[in-house]
Amino acid sequence: MSLTSAATLATLDRTGPRRITDLAAVEGVTQPAMTALVRVMEESGLVERRGDASDKRVTLVCLTEAGAFYVRTRRQAGVHAFEGLIGELTGDEVEALVAALPALKHLAELESQDREGPKQ
């Protein structure tokens, strides 16, 4: 799976259903490229398109249960990888990481706000 596909699934998991144009802007790709990507992920059963109840002209891309499972599995694999790597650090290095956690959390929040763009 491409990084853009994985990032798009993660965005849908975090923010809920989105328009293709919104997803394209958040992921930094063109609308035609996102349309093609959504089509591939739809064929794979990871996303589906649904109508927007508030605007019948709009189609939203939604994460399927298989897509949500993929995101959860990928995140868990990342957690396990970091656990193994952290286990190889010295006590001082672990303490330095713990001390840096508030700043890292803030960076993640800033990045998330930037990627999500304006709320719908």
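The values are calculated or read from the model by the stated rules, or taken from the named source; none is laboratory data. Quick caveat: nothing in here was measured; it's all calculated off a predicted structure. Neighbour counts are summed over all protein chains in view; Cβ atoms, including those assigned to glycine, are modelled from backbone coordinates with ideal geometry. Protein only, heavy atoms only, side chains kept; ligands, DNA and RNA dropped before computing areas. Shrake-Rupley method; radii C 1.70, N 1.55, O 1.52, S 1.80 Å.
Details
- Between amide H atoms placed 1.01 Å from N, distances below 5 Å from Arg19 occur with Val61, all of them 5 or more places distant or on a separate chain.
- The 3J(HN,Hα) values that the Karplus relation (6.51, -1.76, 1.60; θ = phi - 60°) gives for the stretch 33-47 are, in residue order, 5, 5, 4, 5, 5, 4, 4, 5, 5, 5, 5, 7, x, 8, 9 Hz. Gly and Pro appear as x.
- The angle between the Cα long axis of helix 91-116 and the longest principal axis of the Cα atoms of the chain comes to about 20 degrees, rounded to the nearest 10.
- Highest average packing first - 35-45, 70-80, Cβ atoms within 10 Å: 35-45, 70-80
- Accessible surface of the stretch 21-105 [probe 1.4 Å, protein heavy atoms]: carbon and sulfur percent: 61 percent
- When only the Cβ of Lys, Arg, Asp and Glu is charged (+1, +1, -1, -1), the dipole of the stretch 10-73 relative to its Cα centre reaches about 140 debye.
- Built amide H within the under 5 Å cut-off of Thr64, gap 5+: Val47, Glu48
- Cβ crowding within 10 Å averaged over residues, with 57-66, 6-15 ranked highest first: 6-15, 57-66
- In the chain, the calculated helix contribution to ellipticity at 222 nm averages -23000 deg cm²/dmol per residue, counting -39,500 (n - 2.57) for every DSSP H run with n ≥ 4.
- Student exercise, the chain dipole from Lys, Arg, Asp, Glu Cβ charges, in Debye to nearest 20: 720 debye
- Mean accessible surface per residue for the chain, computed with a 1.4 Å probe while every protein chain stays in place, in Å²: 66 Å²
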